[in-house]
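Here it is, the structure, as structure tokens.
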Amino acid sequence: MELLPRSPGEFGSARYWDRFFRQRGQRPFEWYGAFPELCPVLHKYVRPRDKVLVVGCGNSELSEQIYDVGMCEDIVNIDISDAVIRQMQERSGSKRPKMSYLLMDMLQMDFPDAHFQVVLDKGTLDALLTDEEEATLDKVDQMFAEISRVLQVGGRYLCVSLAQAHVLKKAVEYFSQEGWVVRVHQVASSGDKQQFVLPVFVYVMTKFRKISGSAPQILEICPEEQDKPTRMESAEQLVAAVKDRQHYALLCSQLSKTPCREQVSLDLCDKESGKPRYTLHVVDSPSVKPSRDNHFAIFIVPQGRETEWLFGTEEGRRQLAASAGFGRLVTVALHREQHYEGMAGIQVELSGKVMELAPPGLPARQQVPFLSVGGDIGVRTVRHRDTSALSGEYVVEDVKGDGTCYFRRLIFLRNRNVVQSEARLLSPTPLPGQKKRRKEKKKPSPSEPPAAIDKSYLCCEHHKAMVAGLCLLGGPHPLPALLAVLVVGLGGGSLPLFIHDYFSQARVAVVEIDPSMLEVATRWFGFSQGDRMQVHISDGLDYVAKLAAEGTFLQKVWYDAVMFDVDSKDLTVGMSCPPPAFVEKLFLQKVKTILKPEGVFVLNLVCRDARLKESVLATLREVFPLLYTRRIEGEVNEILFCQPSPEGRRDPMELGARARALEGALRQPGRPWDSSYVLAEMLQAVKIL
């Protein structure tokens, strides 16, 4: 039996609806939204003494159910189909004496002005507004004008809708411009995803007297899981918020039916602030054979560790899911702006939401485990937060790593998944003969002086590789009598600080474009200047160009080693380190000019664009005849060692010998050394390009 119209325009035709209801017979037709789902919202806005008008009632049971549960009895139902009105009059008749059914066109109603407290519309606006043709929009304007006319001031127009963008936008713009308060409720789902995928919404338009002049619009949204509405700034923002919830519903429906081939990520936002509270990644492992207990698990990433390879990359999360042994693993990252009440609190908060992401075939009432590292949510203390004119908003935070180690990190919030600088913190040690006292723990204050920095420890693997590159310097001895080093890019200062402290004969010049970073490095990362360490606040491009020009004029070369560890502020380029201008041929020739013939240029390259990377390597080969590369395992970083003379080429055995000799020279009695840092191992994976 064909019940659908031949064209969307027939939804507004009385002839179509007469034929529809004759063919359908007595069976009630519900577009969407069963009464148990709608009741909690309707109950807020329909009072027992209200006079209610239902427009486009059809043969829906909604009016009858409202009547039968005692929510309201004075209900008038209208429709343009004579067939359905007669059908409903017969069905309700003497059972519901205070409710009536009238044949009437909602575009031209016979009721007097301000006759009703509530106008209820279930799917009628959606059926009328099938397109945005001028004739259709004129009809919708007529409908809204009539609803406005028959409603009292303070009355409510309740519209049950699927909230297609053009439908919602039209309703919101019309009534907000009339000075009405507009609120959109998401109806709680029954959980039957097979019945209807898209969520159902109820627009609540409350009539106010129109005020002359520009009165502020009141636009709100009430998601299904909360009663308190969230204020929206504009109609566009409200439509976008509804669209986000529709996309989420479609995503949940898809995930409930089929395994996901690619990882899916989404943010769950805080109800009050609207800021992201949790970031979820859904990872399916096809290799895991399903059993009753390994379908589904949730993994809480400890605070501050979301940037680690295992948790912060697709490959890492894939490995984590496979090793955990679950068919579907949802990893949950916690945001620094939020407060969490421990693992139990997170579990209570997330239990209902994550079940919407459950895989197909999950047994009913299956317990879903919450996992983490060490069973806790980690520790994160934000020590400092500020905004730089050049780097944007940034934070300095202390986080707990594996075991008892704590680390201090600098993170630019425009790229919050990348640790800009990191240093290990030293645990305070008591004086000889002094016993530790058990003190009452107090919350650290950002105004307290920073904890001591472990300057012997290089947290970043790429910094370890860059320092190891000094083994490539020419000369018979691994440790030159004098060593002049230029570092472009300060960050937290750990790289130049390590070179300064361990190469006692080194003179280090650092170029940093952002003065805020010098303040951060000095206050929070133990950095300091002196006779052998000077920071120049300048653009690295300008500084190198100036040195190259002066060197040519004075016939002078400046440095044994030049190191670039500078990030790009432009996130649209496929290379986040360095900025593209730093690897252009003319500039690289200037770098070569300031470098001694037996010196080394060390570049930290972070490039995800394969073509761009190949172009950079080709340019480097044009300028520097000898080029080594060292990949950093588990990271995108690649360290390039460039030398101006091909005569500096060394075989692996010679490199290893120089590395061991250099490390021996650096390890002095009484000077701490990270035992895991072996220079020779850093150079084992070096390849000549």
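FYI, it's all coordinate maths here, none of it is from the lab. Source: prediction; values computed, not measured. Virtual Cβ from ideal backbone geometry, glycine too; neighbours counted across all protein chains shown.
With an 8 Å cut-off on Cα pairs and a minimum separation of 6 or more residues, tell me the relative contact order of the stretch 66-161 in percent.
Relative CO of the stretch 66-161 lands at 29 percent.
For the chain, list log₁₀ I(q)/I(0) at each q in 0.05, 0.06 Å⁻¹, using the Debye formula over Cα point scatterers of equal strength and ignoring solvent, two decimals each.
-0.39, -0.53
Find, among the GluC sites (Glu not before Pro) in the stretch 552-634, those assigned to loop by DSSP (not H, G, I, E, B) with at most 15 other beta-carbon atoms within 10 angstrom.
For GluC sites (Glu not before Pro) across the stretch 552-634 that sit outside H, G, I, E and B with at most 15 neighbouring Cβ atoms in 10 Å, the list reads GLU584, GLU633.
Let me ask another. Indicate, rounded to the nearest 5 percent, the antiparallel portion of the DSSP beta bridges found entirely in the chain.
55
Turning to a different aspect of this structure: How many nm separate the modelled label positions at SER645 and VAL573, each set 7 Å beyond the Cα in the direction of the Cβ?
Those two pseudo-labels are separated by 3.2 nm.
Going Cα to Cα from LYS257, which aspartates and glutamates come in below 16 Å? Please leave out same-chain ones fewer than 8 positions away.
Counting by Cα, and skipping residues close in sequence, LYS257 has these aspartates and glutamates nearby: ASP192, ASP284, GLU356.
Compute the FRET efficiency between ARG611 and GLN89 as 1/(1 + (r/R0)^6), taking r as their Cβ-Cβ distance and R0 = 60 Å, and round to the nearest 0.05.
0.25
Looking at the stretch 258-371, send over the antiparallel percent of its DSSP beta bridges, to the nearest 5.
Details: 13 of 20 bridges.
Approximately 65 percent, going by the DSSP bridge assignments.
If the stretch 258-371 were replaced by its equivalent ellipsoid, with semi-axes equal to the square roots of 5 times the Cα gyration tensor eigenvalues, what would those be, largest first, whole Å?
23, 17, 12
List the GluC sites (Glu not before Pro) within the stretch 90-192 that fall in a DSSP loop (any state other than H, G, I, E or B) and whose Cβ has at most 12 other Cβ atoms within 10 Å.
On the way: sites: GLU90, GLU132, GLU133, GLU134, GLU146, GLU173, GLU178; in loops: GLU132, GLU133, GLU178.
Taking the stretch 90-192 and a limit of 12 other Cβ atoms within 10 Å, the loop GluC sites (Glu not before Pro) found are GLU132, GLU133.
Can you tell me the relative contact order of the chain? Whole percent, Cα pairs under 8 Å, sequence separation 6 or more.
6
Quick one: of LYS51/LYS275; LYS455/LYS569; LYS275/LYS464, which pairs are farther than 30 Å apart, Cα to Cα?
LYS51/LYS275; LYS275/LYS464
Place +1 on the Cβ of every Lys and Arg and -1 on the Cβ of every Asp and Glu in the chain, take the dipole about the Cα centre, and give the residue among VAL600, TYR248, CYS577 whose Cα lies farthest towards its positive end.
Going by the charge dipole, the pick is VAL600.
Now for a separate question. Report, as a whole number in µm² per second, the diffusion coefficient that Stokes-Einstein gives for the stretch 460-688 at 10 °C and 1.306 mPa s using the Kirkwood radius over alpha carbon pairs. Could the numbers behind the result be given before it?
Values: Rh = 17.9 Å.
Rounded, D is 89 µm²/s.
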